[in-house]
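Notes to accompany the following structure.
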Amino acid sequence: MRMVLSTVAAIALAALTGASIPTVQAQTAERFGLGMFAYQNRTFVGIVMRYPTEPQQVGGFVVELPAAAKAANVTGIPGDLLSIMDQWSSVGPKLKQIVAQVGPTLPAKRPAYVYDYKAVDARRPFLPRLALYGSSTCRPAPGTPPPAEPRKVPPSMPGLWERAANDDRPQNPRLFLIPTTPEVFIGDGDPVINWHADRRKDYEYECELLGIVGRTMRRVPVDQVKNYMFGYTNTNDISDRQERQPDPIRQDWLVQKGWDSMKPVGPFVVPQEFVDPLNMRLKMTVAGQMVQDSNTNQAWHSMYEYAAYLSNMLTVPVGTVIGLGTPPGSHGGLGRHLIPGDVQVCSYEGLGTLTNTLIAEPAPRTTTSSR
């Protein structure tokens, strides 16, 4: 009723003043994702449409964007996802125009440049400009016995993370850097390599939500972060739990997290307007066994809080990725470490399904020693 009265008032005011009456439009557009795909020896930016949103389900259609843009007489669309993020204010409306034109043709009358999702090869969506992943970010699983002694509430971190008086969470945000090289970040279907597999056997999975910054951030309040995010995808934060052992100083984020092939991402990116990062179900299977079944609402700190915390330290560029951390089910949930041949399937609600298989290093490599 309120909307009807507002519309009537607007029409009456327009009649008195001669102002034009705004056209009433639909409030929501069709969901879609963006990624890099290969088909018949061509690699291209693709729009993913009509894909299942339930975790672990695969399907839908991929629109070959260059061909679709040509058919729609749309120009000025870059050929890679990172450039699309940089130019989203002008490119985004053009992509939505193409989605609106292709939608009515699916599935029976689809153009020749629209393919079944299962017929194309998903590649890494993009290479991040900056990558930070969260640590110890999720609440214990329901039914977990409480600690023998209550965990102490840490104080604020001056200038970085100011805690509210009623904030009783047992930790502050914590992020660590990941090398942003094309060998570290891989795509859907690419193998995760267990390097030195004869000597390092403590590899583990971590299914995480990956947020992608779409506008440069600097000291952005938590309640405004949503407007700075471009979108979201899946990531499997592979970890080498052997770390520096038997070195007595064990923890080393680079050794634990930064090897080639340790950061699968994808299979595509979904714009933030179609995602609620505060309430998303996830499922993770390894070798066919369900090992993680949780929700982002179980995180100690939200994606928005992590991004705000990060922006208090540095200017965060477009194309930065932030891993939310993993829920219970990692850290021993499989009952063993990964072994070559294990198929890992990481999937968040509405973000497609990321599948990677662990393989042993193909051939022995020479190890540099201190002598």
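The values are calculated or read from the model by the stated rules, or taken from the named source; none is laboratory data. Just so it is clear, the structure is predicted and the values come from calculations on it, not from any experiment. In this analysis, Cβ positions are derived from the backbone assuming ideal geometry, glycine residues included, and neighbour counts consider all displayed protein chains. Ligands, DNA and RNA are excluded from the accessible area calculation, which covers all protein heavy atoms including side chains. Shrake-Rupley method; radii C 1.70, N 1.55, O 1.52, S 1.80 Å.
To make sure I understand the rule: partners must be aspartates and glutamates, Cα under 20 Å from the Cα of K152, and not fewer than 8 residues away in the same chain. Which ones qualify?
In chain and number order, the partners are E162, D167, D168.
Cα to Cα, under 12 Å, and not fewer than 8 places away if on the same chain: which aspartates and glutamates meet these conditions relative to K226?
Within the straight-line limit of under 12 Å, K226 reaches these aspartates and glutamates: E273, D276, E305.
If R₀ is 45 angstrom, what is the calculated FRET efficiency for the pair N227 and Q57, using the beta carbon separation as r and rounding to 0.05?
On the way: r = 30 Å, r/R0 = 0.67.
E(calc), rounded to 0.05, equals 0.90.
If you line up the long axis of helix 2-17 against the longest principal axis of the chain, both from Cα atoms, how many degrees apart are they, to the nearest 10?
50 degrees
Any idea how far apart S135 and T315 come out in nm if each label point goes 7 Å out from Cα toward Cβ?
Once both label points are built, they end up 2.8 nm from each other.
Which residue, D276, D247, D167, has the most motion in a Gaussian network model of the chain that connects Cα atoms within less than 10 Å?
Most flexible of the set in this elastic network: D247.
Rounded to the nearest 0.05, what FRET efficiency is calculated for D80 and M290 with R0 set to 30 Å and r the Cβ-Cβ distance?
Numbers: r = 35 Å, r/R0 = 1.17.
Rounded to the nearest 0.05, the efficiency is 0.30.
Please give the net charge around L314, taking every other residue with its beta carbon less than 13 angstrom from that of L314, where Lys and Arg add +1 and Asp and Glu add -1.
Counting the neighbours of L314, the net charge comes to +3.
From the square roots a ≥ b ≥ c of the eigenvalues of the alpha-carbon gyration tensor of segment 271-371, which class results: rounded (a/c under 1.5), prolate (a/b over b/c), or oblate?
Working: a/c = 2.17, a/b = 1.32, b/c = 1.65.
Note, shape of segment 271-371 comes out oblate.
Give the long-range amide H neighbours of G187: residues separated by 5 or more places, or on another chain, with amide H under 5 Å away, using H modelled in the peptide plane at 1.01 Å from N.
Sorted by chain and number, the residues that satisfy this are R124, V265.
Contour minus end-to-end for Q245 and A148, with contour as 0.36 nm per residue of separation and end-to-end as the Cα-Cα distance?
32.1 nm
Can you tell me which of M85, M284, M313 moves the most in a GNM of the chain? Springs connect C-alpha atoms under 10 Å apart.
The residue with the greatest mean-square fluctuation here is M313.
Considering amide H positions built from the backbone, and no H for Pro or chain starts, which residues 5 or more places from V269, or on another chain, come under 5 Å of its amide H?
Those qualifying (amide H under 5 Å, at least 5 residues apart or on another chain) are L34, G35.
Averaged per residue, what accessible surface does the chain expose to a 1.4 Å probe, in Å²?
Roughly 50 Å² per residue, with all protein chains present.
Where does the chain land at 222 nm, in deg cm²/dmol rounded to the nearest 500, when only DSSP H runs of n ≥ 4 count, each adding -39500 (n - 2.57), divided by all residues?
Numbers: 6 runs with 58 residues, N = 371.
Helix contribution divided over all residues of the chain: -4500 deg cm²/dmol.
Enumerate the amide H contacts of L130 below 5 Å, restricted to partners 5 or more residues apart or on another chain; note that Pro and chain-start residues carry no placed amide H.
Under 5 Å from the amide H of L130: T320, V321.
Take peptides 229-239, 191-201, 102-112 and line them up by average Cβ neighbours within 10 Å, highest first, as a rough protection proxy. Present the calculation step by step, with values, prior to reporting the outcome.
Details: 229-239: 25.6, 191-201: 16.8, 102-112: 12.2.
Ranked from most to least packed, the peptides come out as 229-239, 191-201, 102-112.
Using the Karplus equation 6.51 cos²θ - 1.76 cosθ + 1.60 (θ = phi - 60°), what ³J(HN,Hα) coupling, rounded to whole Hz, does each residue of segment 274-285 give in order, writing x for Gly and Pro?
Per-residue couplings from phi come out as 9, 10, 10, x, 8, 8, 10, 7, 9, 9, 9, 10 Hz.
Assuming 0.36 nm per residue, please report the length gained on full extension of the stretch K96 to E273 beyond their Cα-Cα distance.
Once the chain is fully extended between K96 and E273, it gains 62.5 nm.
Compute a Gaussian network model of the chain, connecting alpha carbons closer than 10 Å, and tell me which residue from T320, T144, T75 fluctuates the most.
Of T320, T144, T75, the most mobile in the Gaussian network model is T144.
State, as an integer percentage, the relative contact order of the chain based on alpha-carbon contacts under 8 Å between residues 6 or more apart.
22 percent
Which cysteines does the chain leave without a neighbouring Cys Cβ under 4.7 Å?
By the Cβ distance rule, which asks for a partner under 4.7 Å, the isolated cysteines are C138.
Tell me the label-point distance for the pair A119, R42, using the 7 Å Cα-to-Cβ offset, in nm and rounded to one decimal.
1.2 nm
Which of the lysines could a cross-linker span from K70 if the Cα-Cα distance has to be under 20 Å and same-chain partners fewer than 8 positions apart are dropped?
Output for K70: K94, K96, K109.
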